[in-house]
1. On the given criteria, is R165 at pLDDT below 80, of a type outside the set (S, T, Y) and out of contact with any strand residue (DSSP E or B) (no Cβ under 7 Å at 6 or more places or on another chain)?
2. What are the residues in region 209-224 that are under 25 Å from G142 (Cα atoms), without any contact (Cβ under 8 Å) to a residue 40 or more places away in the chain and either small (G, A, S) or touching a Lys or Arg at 6+ places or on another chain (Cβ under 6 Å) (or both), if any?
3. Restricting attention to helices (runs of 4 or more DSSP H) lying wholly within region 45-153, give those where 1 or more residues are at pLDDT 65 or above.
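The values are calculated or read from the model by the stated rules, or taken from the named source; none is laboratory data. Quick caveat: nothing in here was measured; it's all calculated off a predicted structure. Cβ coordinates were reconstructed from backbone atoms using ideal geometry, including for glycine residues, and neighbour counts include every protein chain displayed.
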Amino acid sequence: MDFADEALPIGELLDERRHLLDIAFWMLGSSVEAEGVVAEAYRRWYELSEAERAAIEEPRAWLSRVTGGICLERLSRPGRQRPGQAGPLSDAAAGERRQMLEREVSAVLLTALDTLSPAERAAFVLNDVFGMAPGTVADIVGQSAPAFTELADRARQTLRNRRGRPTTPWQHDTVVRAVRESCAAQDTDRLTTLLAPDATAFFDGGGKVRAQIRPVHGREQVARSLLTLLAPRARTTVCAHSVNGRTGLVVRYDRRVAAVTSLDVTGRQVVQVWVVINPDKLLPWNQATALPGSP
């Protein structure tokens, strides 16, 4: 193929890049991270051989899938810091498109998106916001089509609940610490009252730990899972610690972090639990020289 055949109008190239930046910004809530993700997506494109690139019928769709996958990887990292910015996201270097995003993207919605699990956020952003085909998004989040549909429905319901009943950091902290105390005391009744009737728990073992594969639904089922996971055991401690910008629970075994748990709270109840026990994803936690925590 002559290299001239690969040339595209500059407007089309810029529109493609803006599209990818929009996806990354919505998924991560950070213009700086979005720039890095798009750069990585293009790097992966140019790592392909000429034959591999020629075989891709829709490069923009391919780049969109890769961008979504990179964002999902970053969202799933334990200890990932949220942007922490509820005000304007102005950035002189970002240009006209970033200014448009400032007008269009609600800071309230971005904050609400932070309450979703990585997979739920990907499902909502890629399907509801950018209109990607459900099958494509299901592949990105590693779910079957029926499981993806359920995931997207939960994301929409969670966003509706969050917007209706915001939870302050103090309320969130209080509920999470109560969950920890209930598990330490193996108090099933108290723990159940702290969980919403439709609570859901996800367990990310990454195929490296014999974790539950499917999400657990319902307050009784989630309570049983948490009571088992966080039960007092020899050489095991559970402490409250900042996870993704809000109080979560960190489990140590022989002083090494064995699990990191994020809890989404609405009102006075937990609506979702995300437990990471994949050893690979816990490496950043165990590489830290010290992990402060409180009982």
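1. no
2. Result: G218, single match.
3. 50-55, 59-75, 107-113, 118-123, 134-141
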